[in-house]
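Everything on this sheet refers to the single structure shown next.
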Amino acid sequence: MGEEMPIYLNTAEGPKAVSVRIKDISETGIGFITREEIDVERTFRLKIKDLKGVINLNGVIVRREYLEALASFLYGGKFHEKSEQLSRFIARKQSEALRKKNEPVALRSGSRIKPRVDK
């Protein structure tokens, strides 16, 4: 996905927003990259803006890997519950990506392709 958004961690001072770049997302979990070090087994909240509102997700960090080339951490998180709203969001994003991939380059830029006329 590559989108940047905050995840929220509970701290003694209250919720703390951490900026992350979403690597991938599924119905059961998420992969994201950030420079912040977060403990494995730490719970998090994620809010995804959708066409019909906000999708609220809760999960736990299950994996952490340091990416030396990026000086960042790659995390894997597992969601606590399944969300129909998230399933629809993922299906729509996949459909949009597939449509864009199959669309001719000239149409993506807004120009029209002239039909070829054989003589």
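The values are calculated or read from the model by the stated rules, or taken from the named source; none is laboratory data. Just so it is clear, the structure is predicted and the values come from calculations on it, not from any experiment. In this analysis, Cβ positions are derived from the backbone assuming ideal geometry, glycine residues included, and neighbour counts consider all displayed protein chains.
Some values worked out for this structure:
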| quantity | calculated |
| --- | --- |
| Condition met for residue 79 (over 14 Å from residue 45 (Cα atoms), at pLDDT 95 or above and crowded, with 16+ Cβ neighbours inside 10 Å) | no |
| Residue 72 vs. criteria among the small types (Gly, Ala, Ser), touching a Leu at 6+ places or on another chain (Cβ under 7 Å) and surrounded by 12 or more Cβ atoms within 10 Å (Cβ to Cβ) | no |
| Test: residue in the range 20-32 that is in contact with a strand residue (DSSP E or B) (Cβ under 8 Å, 6 or more places away or on another chain) and over 21 Å from residue 93 (Cα atoms) | no |
| Residues of the range 59-69 classified as surrounded by 14 or more Cβ atoms within 10 Å (Cβ to Cβ) and either within 16 Å of residue 26 (Cα to Cα) or touching a His at 6+ places or on another chain (Cβ under 8 Å) (or both), total | 3 |
